[in-house]
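Engineer: Quick one: structure below, then a few questions.
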Amino acid sequence: MATQLAEPEASSQASPESVVIRFAGDSGDGMQLTGGQFTLSTALSGNDLATFPDFPAEIRAPQGTLFGVSAFQINFGSTEIDTAGDAPDVLVAMNPAALKTNVGALKPGGLIIADSGEFTKRNLEKAHYAASPLEDGSLAKWQLLAFDISAQTLESVKPFGLGNKEALRCKNMWTLGLALWMFDRDRQPLVDWLNAKFRKNPVLAEANIAALNAGHAYGETAELSGSLHKVHLDPVEAPAGLYRTISGAEAVALGLVMGAKLADLQMFFGGYPITPASSILHYLATMKEFGVTTFQAEDEIAAIASAIGASYAGHLGVTSSSGPGIALKGEAMGLAVMTELPLVIVNSQRGGPSTGLPTKTEQSDLYQAVYGRNGDTPMPVIAARSPGDAFECAIEACRIATQYMTPVILLTDGYIANAAEPWKVPDPAAYAPFPARFLTTRNGPDGNLLPYARDEKGARPWIKPGTPGLMHRIGGIEKNPGTGNLDYSPAAHQAMTDARKAKVDGVAKGIPAQEVTLGEERGKLAVVGWGSTFGPIHQAVRRARGRGLDVSHIHVRHIWPLPENLGDLLRGYERILVPEMNTGQFKTVLRDQFLVDAKPYNKTSGQPFTIAEIEAAIEGALA
Amino acid sequence: MNDMTPIGVTTTLKDWESDQEVRWCPGCGDYAILKAVQRTLPEIGADPAKTVFVSGIGCSSRFPYYVESYGFHTIHGRAPAVATGIKLSNPELDIWLITGDGDGMSIGGNHTMHLIRRNLNCQIMLFNNEIYGLTKGQYSPTSRLGTTSPTTPLGSVDRPASPCAFALGAGARFIARGFDVSKHLPEVLKAAHAHKGAAFIEIFQNCIVYNKDRFEDFAAPKGAEDRQLWLKHGEPMLFGSEKTGGIKGIALDHENLCLKVVDVVDRDWQAAKVIVHDVTNRSVAHMLVELPFGAFPMALGVIYDDPRPTYEDALLGQDATAREGKDTSLAHLLAKGQTWTVED
């Protein structure tokens, strides 16, 4: 099924339950920072939210160009928010290029706030505008509010004697001030943050605060003009407790720390810089006191090989990367499968193949995760559905890895890694420990050592080098079942291949049965998703059900092995629709495993699904 | 001295022989190296439980199976990275890295470089037979120019890499050379073990099937004294004998800033200005590893030995300092940053 990009919704709500705002500017304009701070103040005001940072692969692309535009979208409201929103209600465009690349997504009737000071002849040319869109009437279907933010900012920071360039850097704070006014937000947390950030340069702190206040004050006065109005969103109904915002990368890091703790192990993290996975390594590098050792290796292969070495020595080895880096780790994953050592491999997927789209999201590494190694090399694969869920999934990956003596792949993606959502801070005491056990005495029937003897789960014993009397040799070469000694015999390879497969298949016995996320356990249509498509699928199914359609949402966390009841569950529906940000990978797995007629719905534009796209696909599937 | 050396563990050569059948070709130089290692380990008081042999892929990399200690036969070229993870997780383990010219200089060249650069405390034994043995005789990155092999039927045209020069270039603080059947090999291994840090040992090894007697020009017993320069710290660099054409020495050619061979008359090496070997002299080490064989003898023994702080001490020390006095409550960690409370 071809992707149909959705028509923006035409309805505009008088008193909205949620608002989508997109900040867009040059990659040097500080849009990600503006978005991040707006997110924080939104969270502090008690709204639910979801964000979508969308930035170019270049660190500082040439100024004013279309490919240098960096955007940050946030959807927030007084109801449950699962996605970053389909179409923005408000677009803040800091220059012509930002307007050009983003205005198409804006809802009809939506509000454009543009910095007219940046709509110079040169900047218009760079954005390939023949005439200024602020003046030629081409933006007529939206509300336009254009004023010289640059000049306003310069004026507001004048007392601080900054150079022109430095003064203009405060533009994002001016814009943020205006946005805070629009949505009735408290400025104090921002002021505190600026004071802390510029502790060593109080003049810059004061200048930024002045710009923030000036933007806020502008809202008060501009209100008189009528184009701008204040919007108040009530806090969302949420379970009582302590909350914070969390990004997927942070959640993975915290989940790994938690998982290692529950396994009663020290963690060793071997990583190599790659977008969008590096931030996991950055977070863990600051968490040494939780028994974490981080190692920036010379390449992706060394990153995983060092983690395997660490697991061999009795730590919990972890490595992380994104698609191309995961490809490089493939052979070493085989070594971990063959030596049956615990290992967690996090793949923050991005658009592929090859270098692909480094900063954009995709789910196209599912085949790679499930099948992408030489030989019969089974490995458990789990996928996180949201930033908060990545915490739970990281713990689950640690549990499976250490309990079954196997490498485990945890799939997230660029969207989950960068996006933030409010997160109810969990109580560590609520998690059941799964302490790892090490062999300390010979385990054979006649006092010999059997490093490849198996427990009831099919797992072999974990033996730390350094343990007296248990010296033995392991390696990537085929081995004798039991002694682990080199053994190429037909019987040994058959037995070991079977044992490795049976062990990983058996993981399914220790995972929860698949539940229906929303809807009934049988019916006309099941929409089956995995990973970060959770938000748009969930909202689309909710809306479709609201219109009386017989559709249910099933979201799968355990990709391999699949939950034991999933086949029967799927057979209870007349039709199955599998939306994925790839060309149909999970669909193929479901067809193969259950012989069900799963139909694909695919998108590979580097952008998440919109709710409207999935709604349209649901209607198409039921037609 | 290596302060990780276990003291007082008494073993014999037999204790270091595993129950596995050795599967190298009869007459392979690897047998002699295995024996030299099994002879050395009892002498340094090594503890089998705390000794780990880590290897990559190739004939040499089967080595760990034959030593009664912990052993990890990893994947092609990656043993240095696996060893790094092991050592950082348990610095008490004594790690012997076994690699070859293909494994360590070709597919794993990158890891070899970084292991040496970081100065992880371990012994790196690179078995150099100048050929790919296990894959049946293709030329390797150390094969001499013009080597004919299944992949270079007309002779190789690319110049060989010099493992010791490579290691020194990567920042090695210990460089030594030996060869499989040499009686001096255990001494070299002992010196490498005593060095705290990455100790790089190139061992010329005879592949009797695909590159037979490649090193006979200097390793043959006959004429050995003329073709082998055994280096000893504090002793003059002398070779040759009265019987074979006189005692010779290595001196510095001041004009050209290189080494030269000088005749030593009446054993007066000082008059001939023969250099006294100083294992801490890095400049001379560079010259020694680059000496062209033929015009010069083959430099063997401990060429360079000047320890620097190890990687694991630096990294784990930094981690330990970072942990001092830190709050290790997971509940606090999870609730970090700006939080808000939703009331009932």
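The values are calculated or read from the model by the stated rules, or taken from the named source; none is laboratory data. Since this is a predicted model, take the numbers as computed values, not measurements. Backbone-built Cβ (ideal geometry, glycine too); neighbour counts: all protein chains shown.
Engineer: Filter segment A:359-379 down to the residues that are over 17 Å from the mean Cα position of the chain (by Cα), in a loop (DSSP other than H, G, I, E, B) and surrounded by fewer than 24 Cβ atoms within 10 Å (Cβ to Cβ) and list them by number.
Structural biologist: If the condition is that a residue be over 17 Å from the mean Cα position of the chain (by Cα), in a loop (DSSP other than H, G, I, E, B) and surrounded by fewer than 24 Cβ atoms within 10 Å (Cβ to Cβ), then A:Gly372, A:Arg373, A:Asn374, A:Gly375, A:Asp376, A:Thr377, A:Pro378 are the ones that fit.
Engineer: Here is a follow-up. Every residue in segment A:439-493 that is part of a loop (DSSP other than H, G, I, E, B), closer than 29 Å to B:Val9 by Cα and among the charged types (D, E, K, R), please.
Structural biologist: Once the filter is applied, which keeps residues that are part of a loop (DSSP other than H, G, I, E, B), closer than 29 Å to B:Val9 by Cα and among the charged types (D, E, K, R), segment A:439-493 yields A:Arg442, A:Asp446, A:Lys464.
Engineer: Restricting attention to segment B:94-113, which residues are part of a strand (DSSP E or B) and within 13 Å of the chain's Cα centre (by Cα)?
Structural biologist: If the condition is that a residue be part of a strand (DSSP E or B) and within 13 Å of the chain's Cα centre (by Cα), then B:Ile95, B:Trp96, B:Leu97, B:Ile98, B:Thr99, B:Gly100 are the ones that fit.
Engineer: Conditions first: (1) over 30 Å from A:Arg545 (Cβ atoms); (2) more than 14 Å from chain B (Cβ to nearest Cβ). A:Glu521 passes all but one, so which condition is the exception?
Structural biologist: (1)
Engineer: Another one. Output the number of the condition that B:Asp306 fails; it satisfies all remaining conditions of (1) surrounded by 13 or more Cβ atoms within 10 Å (Cβ to Cβ); (2) among the acidic types (Asp, Glu); (3) more than 23 Å from the chain's Cα centre (by Cα).
Structural biologist: So B:Asp306 meets the others, but not (3).
Engineer: Let me ask something else. Can you work out which of the residues in segment A:40-52 that are buried (at least 24 other Cβ atoms within 10 Å of the Cβ) and among the polar types (S, T, N, Q) is farthest from the other protein chains (Cβ to nearest Cβ)?
Structural biologist: That would be A:Thr51.
Engineer: Please specify each residue of segment B:22-37 satisfying the condition of being in a loop (DSSP other than H, G, I, E, B) and touching a strand residue (DSSP E or B) at 6+ places or on another chain (Cβ under 9 Å).
Structural biologist: Hits for segment B:22-37 are B:Arg23, B:Cys25, B:Cys28.
Engineer: Taking only segment B:95-122 into account, find how many residues are touching a residue at least 60 places away in the same chain (Cβ under 8 Å) and farther than 27 Å from B:Val209 by Cβ.
Structural biologist: 7
Engineer: Just to be sure I understand the filter: pairs with C-beta atoms under 6 Å, separated by 6 or more residues or on different chains, first member in segment A:373-387 and touching a residue at least 24 places away in the same chain (Cβ under 8 Å), second member polar (S, T, N, Q). Which pairs pass?
Structural biologist: Here the result reads A:Asp376/A:Thr497; A:Ala384/A:Thr412; A:Pro387/A:Ser247, each pair linking segment A:373-387 to a residue that is polar (S, T, N, Q).
Engineer: Could you check segment B:95-113 and list, in sequence order, the residues that are out of contact with any Pro (no Cβ under 7 Å at 6 or more places or on another chain) and under 20 Å from A:Phe295 (Cβ atoms)?
Structural biologist: Answer for segment B:95-113, where residues must be out of contact with any Pro (no Cβ under 7 Å at 6 or more places or on another chain) and under 20 Å from A:Phe295 (Cβ atoms): B:Ile95, B:Gly109, B:Asn110, B:Met113.
Engineer: Out of the residues in segment A:241-254 meeting the condition of being more than 12 Å from the chain's Cα centre (by Cα) and under 15 Å from A:His282 (Cα atoms), tell me which one is surrounded by the fewest Cβ atoms within 10 Å (Cβ to Cβ).
Structural biologist: A:Leu254
Engineer: Here's a follow-up. Among the candidates B:Thr11, B:Thr40, single out the residue that is surrounded by fewer than 24 Cβ atoms within 10 Å (Cβ to Cβ) and outside any loop (DSSP other than H, G, I, E, B).
Structural biologist: B:Thr40
Engineer: When you scan segment B:59-93, how many residues do you find that are assigned to a loop (DSSP other than H, G, I, E, B), at the interface with chain A (Cβ under 7 Å from one of its Cβ atoms) and closer than 20 Å to B:His193 by Cβ?
Structural biologist: The qualifying residues number 5.
Engineer: Kindly check whether there is at least one residue in segment A:341-358 that is closer than 25 Å to A:Arg454 by Cβ, part of a helix (DSSP H, G or I) and not hydroxyl-bearing (Ser, Thr, Tyr).
Structural biologist: Within segment A:341-358, not a single residue is closer than 25 Å to A:Arg454 by Cβ, part of a helix (DSSP H, G or I) and not hydroxyl-bearing (Ser, Thr, Tyr).
Engineer: I'm trying to understand the selection: among the residues of segment A:1-36, which are within 24 Å of the chain's Cα centre (by Cα), closer than 17 Å to A:Val103 by Cα and either exposed (fewer than 15 other Cβ atoms within 10 Å of the Cβ) or modelled with pLDDT under 50 (or both)?
Structural biologist: A:Leu5, A:Ala6
Engineer: Let me ask you something else. State the number of residues belonging to segment A:468-516 that are touching a Ser or Thr at 6+ places or on another chain (Cβ under 6 Å) and among the polar types (S, T, N, Q).
Structural biologist: Residues flagged as touching a Ser or Thr at 6+ places or on another chain (Cβ under 6 Å) and among the polar types (S, T, N, Q) within segment A:468-516 amount to 0.
Engineer: Further question: Being touching a Lys or Arg at 6+ places or on another chain (Cβ under 6 Å) and of a type in the set (A, V, I, L, M, F, W, C) is true for just one of B:Leu126, B:Leu120. Which residue is that?
Structural biologist: It is B:Leu120.
Engineer: Exactly one condition in (1) farther than 30 Å from B:Phe215 by Cα; (2) more than 32 Å from the chain's Cα centre (by Cα) is not met by B:Arg267; state its number.
Structural biologist: All conditions pass for B:Arg267, except number (1).
Engineer: While we're on this one: What are the pairs with Cβ atoms under 7 angstrom where one residue, in segment A:485-514, is over 20 Å from A:Ile474 (Cβ atoms) and the other, located anywhere, is modelled with pLDDT of 95 or more and among the polar types (S, T, N, Q)? Sequence gap at least six, or different chains.
Structural biologist: Close Cβ pairs satisfying both conditions: A:Ala513/A:Asn565; A:Gln514/A:Asn565.
Engineer: Hey, another quick one. If I filter segment A:151-167 for residues that are modelled with pLDDT of 90 or more, surrounded by fewer than 16 Cβ atoms within 10 Å (Cβ to Cβ) and aliphatic (A, V, I, L, M), do I get at least one hit?
Structural biologist: The answer is yes, given that some residue of segment A:151-167 is modelled with pLDDT of 90 or more, surrounded by fewer than 16 Cβ atoms within 10 Å (Cβ to Cβ) and aliphatic (A, V, I, L, M).
Engineer: Please verify whether segment A:413-425 includes one or more residues that are surrounded by fewer than 22 Cβ atoms within 10 Å (Cβ to Cβ) and either of a type in the set (A, V, I, L, M, F, W, C) or over 30 Å from B:Thr51 (Cβ atoms) (or both).
Structural biologist: Taking every residue of segment A:413-425 in turn, at least one turns out to be surrounded by fewer than 22 Cβ atoms within 10 Å (Cβ to Cβ) and either of a type in the set (A, V, I, L, M, F, W, C) or over 30 Å from B:Thr51 (Cβ atoms) (or both).
Engineer: Does segment A:470-483 hold any residues that are in contact with a helix residue (DSSP H, G or I) (Cβ under 9 Å, 6 or more places away or on another chain), of a type outside the set (Lys, Arg), under 21 Å from A:Arg442 (Cβ atoms) and more than 7 Å from chain B (Cβ to nearest Cβ), and which are they?
Structural biologist: A:Leu470, A:Asn480, A:Pro481
Engineer: Having 2 or more residues that are surrounded by fewer than 24 Cβ atoms within 10 Å (Cβ to Cβ) and more than 7 Å from chain B (Cβ to nearest Cβ) is the bar; report the strands (runs of 3 or more DSSP E) wholly within segment A:255-323 that clear it.
Structural biologist: A:292-296
Engineer: Can you find even one residue in segment A:203-226 that is over 19 Å from A:Phe23 (Cβ atoms) and part of a loop (DSSP other than H, G, I, E, B)?
Structural biologist: Yes: segment A:203-226 contains one or more residues that are over 19 Å from A:Phe23 (Cβ atoms) and part of a loop (DSSP other than H, G, I, E, B).
Engineer: If you don't mind, there's one more thing I want to ask. Looking at segment B:261-344, what helices (runs of 4 or more DSSP H) fall wholly within it and have at least 2 residues that are within 14 Å of another protein chain (Cβ to nearest Cβ)?
Structural biologist: B:311-323, B:330-334
Engineer: Among the numbered criteria (1) crowded, with 24+ Cβ neighbours inside 10 Å; (2) farther than 17 Å from A:His315 by Cα, which single criterion is violated by A:Ala429?
Structural biologist: Tallying (1) crowded, with 24+ Cβ neighbours inside 10 Å; (2) farther than 17 Å from A:His315 by Cα, A:Ala429 fails exactly one: (1).
Engineer: Being over 35 Å from the mean Cα position of the chain (by Cα) and part of a loop (DSSP other than H, G, I, E, B) is the filter here, so list the residues in segment A:134-168 that pass it.
Structural biologist: A:Leu134, A:Glu135, A:Asp136, A:Gly137, A:Ser138, A:Ala140, A:Asp148, A:Gly161, A:Leu162, A:Gly163
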